[in-house]
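Take a look at the structure set out below.
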Amino acid sequence: MSEPLVKARNVHKNFGHVEVLKGIDLDVHAGQVVCLLGPSGSGKTTFLRCINSLERIDAGRIWVDGDLVGLAERDGRLHRLTDKEIARQRRDIGMVFQRFNLFPHMSALENVVEAPVKVRGVSRADARRRATELLERVGLADRAQNYPAQLSGGQQQRVAIARALAMQPKLMLFDEPTSALDPELVGEVLAVMRELAADGTTMVVVTHEVAFARDVADQVVFMDGGVVVERGAPADVIGNPREERTRAFLARMLKDQAE
Ligand SMILES: Nc1ncnc2c1ncn2[C@@H]1O[C@H](COP(=O)(O)OP(=O)(O)OP(=O)(O)O)[C@@H](O)[C@H]1O
């Protein structure tokens, strides 16, 4: 098999004296969907943020598409990248946050147009054309001129997904993209994510949506206490978990989600 698009080895991260990640390994191959599940505080969001250099790791290595994240080898030694170099690495990674983070003073269309123009130097006309297509793809063609405050949470999150896709990323990271939404709006965002997965988008998704992970993931990674407790195909990790911790967590989640 080819080199993974994302490769993490023995990743450690501390906040002060608290060890939040205690040696995480992960391989994500191009076109795969990996879902990170686990109880609150297990380190899932922190790990996702490390892939995108939003947090700096204390030990271990992460590669995205063969490039070391946050580091470069020069003169036979590893050096930390400058902020500018980190920003350049981040361009190829799309991230969708729990709380949408749209620019409130820009329309949906302008939110999607902004980064390709400012960061990639795409012409405004081309960026508008592509943004229009992307808004159509997430089912919001008729909302292009609306401001975030005029959109529901589900619609805002779909704009956020379109905005991330506008940079034509190699990799999409989703950090609990539906957990800030009213329950009736969760499905519309998951439907967009299911389509992206079906189109071969490489995705790492931190989620509590067990059914989504079961149906869509190629690999499910169950984390607890800063370590990977178990990983594998959804049929194994969700359908037939080996570890008691995984079983207990899933039982709790499925009970909550059935209510
Ligand atoms: N910037 C920070 N400074 C200090 N501690 C932090 C910081 N970010 C996260 N933590 C701590 O790290 C631990 C792991 O947090 P993280 O958000 O990664 O967990 P999580 O598994 O994503 O949980 P959740 O499902 O609640 O989002 C928690 O104890 C959290 O309080």
The range 183-251 - convex hull of alpha carbons, volume per residue in Å³: 94 Å³
Evaluate Rg over Rh across the range 6-257, taking Cα atoms for both radii and Kirkwood's formula for Rh. 0.97
In whole percent, what relative contact order does the range 6-257 give with Cα contacts below 8 Å and a gap of six or more residues? 26 percent
Segment Ala258-Glu230, length gained on full extension (0.36 nm per residue, minus Cα span): 7.7 nm
Per residue, how much accessible area does the chain show when a 1.4 Å probe rolls over the protein heavy atoms, in square angstrom? 48 Å²
Anyone know which of Gln32, Gln157, Gln168 comes out most mobile in the 10 Å Cα GNM of the chain? Gln168
For the residue pair Leu68 and Lys84, what label-to-label distance in nm results when each label sits 7 Å from Cα along the Cα-to-beta-carbon direction? 2.1 nm
With bins 5 Å wide starting at 0, give me the P(r) of the range 96-200 over every alpha carbon pair, in whole percents. 2, 14, 26, 26, 21, 9, 2, 0
Distance from the range 110-153 to the range 181-259 (C-alpha centre basis), Å: 29 Å
For Leu171, what residues show an amide H to amide H distance below 5 Å, using hydrogens built from the backbone and excluding near sequence neighbours? Gly94
Expressed as a percent, the accessible surface of the range 1-113 that is carbon or sulfur, using a 1.4 Å probe and the full set of protein chains, is 46 percent
Rounded to whole Hz and in sequence order, give me ³J(HN,Hα) for the range 8-17 from the Karplus expression 6.51 cos²θ - 1.76 cosθ + 1.60, θ = phi - 60°, writing x for Gly and Pro. 10, 10, 6, 7, 10, 8, 10, 10, x, 8
So, R0 is 22 Å and r is the distance between the beta-carbons of His17 and Ala59; what FRET efficiency does that work out to, to 0.05? 0.90
Work out how much length Asp142 to Asp182 would gain on full extension: take 0.36 nm times their residue separation and subtract the Cα-Cα distance, in nm to one decimal. 12.2 nm
How long is the range 1-135 along each principal axis, judged by its Cα atoms, biggest number first, in Å? 46, 42, 36
Which entries of Lys22/Lys84; Lys7/Lys255; Lys13/Lys118; Lys7/Lys118; Lys7/Lys170 show an alpha-carbon separation above 22 angstrom in the structure shown? Lys22/Lys84; Lys7/Lys255; Lys13/Lys118; Lys7/Lys118
Taking Lys and Arg as +1 and Asp and Glu as -1, residues besides Arg56 with C-beta under 10 Å from its C-beta add up to +1
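The values are calculated or read from the model by the stated rules, or taken from the named source; none is laboratory data. The model shown is predicted, which means the values in this text are computed figures rather than measured ones. Positions of Cβ are backbone-derived with ideal geometry, glycine not excepted, and every protein chain shown enters the neighbour counts. To get the accessible areas, we keep the full protein, side chains included, count just its heavy atoms, and leave off ligands, DNA and RNA. Shrake-Rupley method; radii C 1.70, N 1.55, O 1.52, S 1.80 Å.
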